[in-house]
Amino acid sequence: MKLIDQMRRRAARYLDTAAVTIAPPRGVFSLSFDDIPASAWTEAGPILAGHGIKATYYVCGGLAGAVNMDRDQYRVEHLQALHAAGHEVGCHTFGHTSALRMSSEALRLSLDANAAWVAERLDGYRMTTFAWPFGDATVGAKRIVRERFALGRGVRDGVNVGREDRGLIKSIGLESRRLPDYDLEALMAASAAAKGWLTAYGHDVSDRPTDYGCTAEDLDRVLRLAKAAGLEVLPVGAAWARVAQ
């Protein structure tokens with residue numbers, strides 16, 4: 001099964017691409033949080049506000065009020081508060097299920113359920129961007145996502161510049177265990193010099209993060225570096241309107 005999954009992921013990377021040209025007037029940085037652990041709002045929200053930055057929160061309606069990876073997930077009032085504060089809400093499927101584990105019909109039903117759940121709680125709000133759970137995409141799933149969303153954000157490292165697949169946008173992981181492996185200063189500078197679009201995704205934010213989370217200090221440093229590099233910092237949806245041609 002692992003080999004088959006790897007082949008399907010690889011096929012999605014190279015086949016049936018919907019190429020767009022990424023060419024903003026200046027380099028852009030976008031921050032997003034997947035699943036929305038409660039700390040992505042209660043801890044990260046004040047840091048974002050201190051920097052005057054808006055992020056994108058990729059929500060799974062089925063995780064509201066739940067526990068995931070031993071961490072409390074967001075509550076509905078968190079979602080409503082971050083939306084009211086001007087942050088973007090994006091789609092992450094209803095149940096946080098990998099596209100590798102869903103038929104086309106199951107994926108459509110999951111997207112429908114998530115859209116209805118969010119609209120009911122956010123006064124009819126419509127999500128326009130998508131993030132792949134676990135970064136897993138398939139050729140067939142990309143077609144479905146492209147029909148409904150402006151883009152699908154993946155988890156493959158790199159700066160988006162030149163011709164990119166709008167169904168599988170690159171993004172770096174903000175994980176404390178991985179951040180030392182990045183030369184963040186150089187990455188931000190390269191994004192600015194190339195007039196590219198650098199996106200990043202995080203999860204929980206705490207002094208003792210999960211393997212997929214980061215500390216408050218890590219998050220603050222990333223935002224300071226993006227601003228110091230002269231990158232325009234925008235939520236994913238607003239950035240897309242600026243960068244895509």
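All of the numbers you see were taken from the coordinates with simple rules; none came from a lab. Treat the numbers as computed from the prediction; the structure is a model and nothing was measured. We place every Cβ from the backbone using ideal geometry, glycine too, and count neighbours over all the protein chains shown.
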Taking the chain as a Gaussian network, Cα atoms linked when under 10 Å apart, which of LEU107, LEU168, LEU31 shows the biggest mean-square fluctuation? LEU107
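Using DSSP to call loops (not H, G, I, E or B), can you name the trypsin sites (Lys or Arg not before Pro) in the stretch 1-46 whose Cβ has at most 16 other Cβ atoms within 10 angstrom? Present the calculation step by step, with values, prior to reporting the outcome.
Working: sites: LYS2, ARG8, ARG9, ARG10, ARG13, ARG26; in loops: ARG26.
Answer in residue order: ARG26.
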How much mean residue ellipticity at 222 nm does the chain get from its helices, if each DSSP H run of length 4 or more adds -39500 (n - 2.57) and you divide by all residues, to the nearest 500 deg cm²/dmol? -11500 deg cm²/dmol
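Tell me, in nm to one decimal, what length is gained between ARG178 and ARG224 on full extension, where the rule is 0.36 nm per residue of separation less the Cα-Cα distance? Don't jump to the answer; show the numbers that get you there.
Values: separation 46, 0.36 × 46 = 16.56 nm, distance 1.82 nm.
Extra length from ARG178 to ARG224 when fully extended: 14.7 nm.
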Can you give the three extents of the C-alpha atoms in the chain along their principal axes, from longest to shortest, in whole Å? 45, 39, 35
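Under the definition of Cα pairs under 8 Å and six or more residues apart, what whole-number percent is the relative contact order of the chain? Mind showing how you got there, number by number?
Numbers: 521 pairs, mean separation 74.4, N = 245.
Across the chain, relative contact order equals 30 percent.
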Ranked on Cβ counts within 10 Å of their own Cβ, fewest leading, TRP197, TRP240, TRP117 go TRP117, TRP240, TRP197
Total charge dipole magnitude, the chain, about the Cα centre, Cβ charges on Lys, Arg, Asp, Glu only, Debye to nearest 20: 940
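Can you put HIS92, HIS78, HIS51 in order of Cβ neighbours within 10 angstrom, beginning with the fewest?
Details: HIS92 28, HIS78 22, HIS51 16.
Ascending Cβ contact count within 10 Å gives the list HIS51, HIS78, HIS92.
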Taking the Cα centroid of the stretch 41-68 and of the stretch 176-216, what is the distance between the two, rounded to the nearest whole Å? 16
Place a label point 7 angstrom from the Cα of ALA66 along the Cα-to-Cβ direction, then list the residues of the stretch 17-52 whose backbone nitrogen is under 20 Å away. 33-42
Rounded, prolate or oblate (a/c below 1.5 giving rounded, otherwise prolate when a/b exceeds b/c) for the stretch 147-204 by Cα gyration tensor: oblate
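Arranged by the count of other C-beta atoms within 10 angstrom, fewest first, what order do HIS96, HIS203 take?
Details: HIS96 20, HIS203 23.
Lowest count first: HIS96, HIS203.
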